[in-house]
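Trainee: Structure below; questions to follow.
The values are calculated or read from the model by the stated rules, or taken from the named source; none is laboratory data. Not measured: the values here are computed from a predicted model. Every residue, glycine among them, receives a Cβ derived from its backbone with ideal geometry; neighbour counts consider all protein chains shown. Quick note on the areas: whole protein, heavy atoms, side chains included, nothing else; ligands and nucleic acids left out. Shrake-Rupley method; radii C 1.70, N 1.55, O 1.52, S 1.80 Å.
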Amino acid sequence: MRINHILISGRLYRELQPPLAHRKDKEFRYVPEHEVSADDFAWADAYAGFRPVPGFDPRQLQWVHAMGAGIDAFLTSCEWPGDVPLTRTTGAFRGQDR
């Protein structure tokens, strides 16, 4: 599997830009959920988001990462191809600063 183009969407798409900026071996596209297009998916090898967005089709991707703990929305949105890994975020989630 060769992942070169990663499409990042969801409510943290802006926050993920700075920590990934040093990665010169990958190209990232950061798009709000309501603006993801068919062109974005055609460009992407991988998708990272909290849920599938309109036009989401895992058959055109090599990897999908659910940024939340749950993956149900991804699995119930379509028939999942057996050759596309679906991973999820685990571990402690940072809470709001108080």
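Trainee: Counting each DSSP H run of 4 or more residues in the chain as -39500 (n - 2.57), what helix-only mean residue ellipticity at 222 nm follows after dividing by all residues, to the nearest 500 deg cm²/dmol? Present the calculation step by step, with values, prior to reporting the outcome.
Mentor: Working: 3 runs with 15 residues, N = 98.
Theoretical 222 nm ellipticity from helices: -3000 deg cm²/dmol.
Trainee: Given Cα pairs under 8 Å that are at least 6 residues apart, what percent is the relative contact order of the chain?
Mentor: Values: 149 pairs, mean separation 24.6, N = 98.
Once normalised by length, the contact order is 25 percent.
Trainee: Can you work out ³J(HN,Hα) from phi for every residue in region 8-19, in order, using Karplus 6.51 cos²θ - 1.76 cosθ + 1.60 and θ = phi - 60°, giving whole Hz and x for Gly and Pro?
Mentor: Rounded to whole hertz, the list is 10, 9, x, 5, 9, 4, 6, 5, 7, 4, x, x.
Trainee: Right, here's the next one. Can you tell me, using C-alpha contacts under 8 Å and at least 6 residues apart, the relative contact order of region 1-50 as a whole percent? Please report the intermediate quantities before stating the final value.
Mentor: On the way: 67 pairs, mean separation 29.6, N = 50.
Averaging sequence separation for qualifying contacts and normalising by length gives 59 percent for region 1-50.
Trainee: Express the accessible area of the chain per residue in Å², computed with a 1.4 Å probe while the remaining protein chains stay in the model.
Mentor: Per-residue accessible area for the chain comes out at 66 Å².
Trainee: Could you tell me the extents of region 1-67's C-alpha atoms along the three principal axes, largest first, rounded to whole Å?
Mentor: 29, 27, 20
Trainee: Counting only residues 5 or more places away or on other chains, whose amide H sits under 5 Å from the amide H of Trp63 once H atoms are built in the peptide plane?
Mentor: For Trp63, the qualifying residues are Tyr47.
Trainee: Let me ask you something else. Taking the Cα centre of the chain as origin and charging only Cβ (+1 Lys, Arg; -1 Asp, Glu), how large is the dipole, in debye to the nearest 20?
Mentor: Working: 12 positive and 13 negative charges, 89 e Å.
So the magnitude is around 420 debye.
Trainee: On the accessible surface of the chain, probed at 1.4 Å, how many percent belong to carbon and sulfur atoms?
Mentor: 50 percent
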